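Each value in this text was obtained by applying a stated rule to the coordinates, not by laboratory testing. This is a predicted model, so every value here is computed, not measured. Positions of Cβ are backbone-derived with ideal geometry, glycine not excepted, and every protein chain shown enters the neighbour counts.
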Amino acid sequence: MKAKEIVIWSGLIIILIGGLWLLINAVNSSPSPLTTPAEIKNLPPVSATDFIRGNINAKVTLVEYADFQCPACSVIYSTIKELEGNFKDDLRVIFRFFPLTNSHQNSMISSSAAYAAGLQGKFWEMHDLLFENQTTWSNIDARDTFIGYAKTLGLNLDKFKTDLDSNSTKQIILKEENDGIAIGINSTPTFFVNGNYIQTPQSYDDFKKVIQDEINKK
């Protein structure tokens, strides 16, 4: 074999080995799902601290663990609202706090704002404002913004501020999060339909089918 051919073949072998190494490395470094259905235990029952929207006798109960600063939660928020509108009395929604404080600077205070509003009967109104305006408050000192939302909702501002900053508010939120961690939740949004964990559907139609299939069982 001529020297020139040896060089060419050597180059091809190096390229093949390099490509194989990159493929193996990519496979080994690909992220695996944070949670699987087998890893998530039984959903805690409905409690006095849960915020619930919808018909108490609905055929389907959708429980969501979410962080108000989570972009994915914000994206799917509109899907949940559309599902509520389409299924009406057949669907009720329960929100549970799961603030990702290690990655989102305003996750705790936004949760506190929602809880404080809830103490005055306006949790869901604040919930909607927070998700609809997430990009506005995500990267600022958001306390005054949330107080502004409370004013818009007609809340007692002195009480709202007290509850917003209260340690008891934070403890309730953290307990809800820790209860979620205890059953295997470690990401948001995480959903349960009639007590059963589901992988988050990738589209509105996929989510609608999950709800409709559950209704059809009744």
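Here are the numbers:
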{"item": "Extension gain, ILE140 back to GLN171 (0.36 nm per residue minus Cα-Cα distance, nm)", "result": "8.8 nm"}
{"item": "23 Å Cα-Cα reach of LYS159 towards lysines, excluding residues that sit fewer than 8 places from it in its own chain", "result": "LYS122, LYS151, LYS170, LYS175"}
{"item": "Rough spin-label spacing in nm, given labels placed 7 Å along Cα→Cβ, for LYS41 and ASN196", "result": "2.1 nm"}
{"item": "Eligible lysines near LYS59 by straight Cα distance, threshold 18 Å, same-chain separation 8 or greater", "result": "LYS81, LYS88, LYS208, LYS209, LYS217, LYS218"}
{"item": "Rounded if a/c under 1.5, otherwise prolate or oblate - region 177-218, Cα gyration tensor axes", "result": "oblate"}
{"item": "Principal axis box of region 38-217, alpha-carbon based, largest edge first, Å", "result": "48, 32, 29"}
{"item": "Modelled FRET efficiency - R0 45 Å, ASN86 with ASP158, Cβ distances, 0.05 increments", "result": "0.70"}
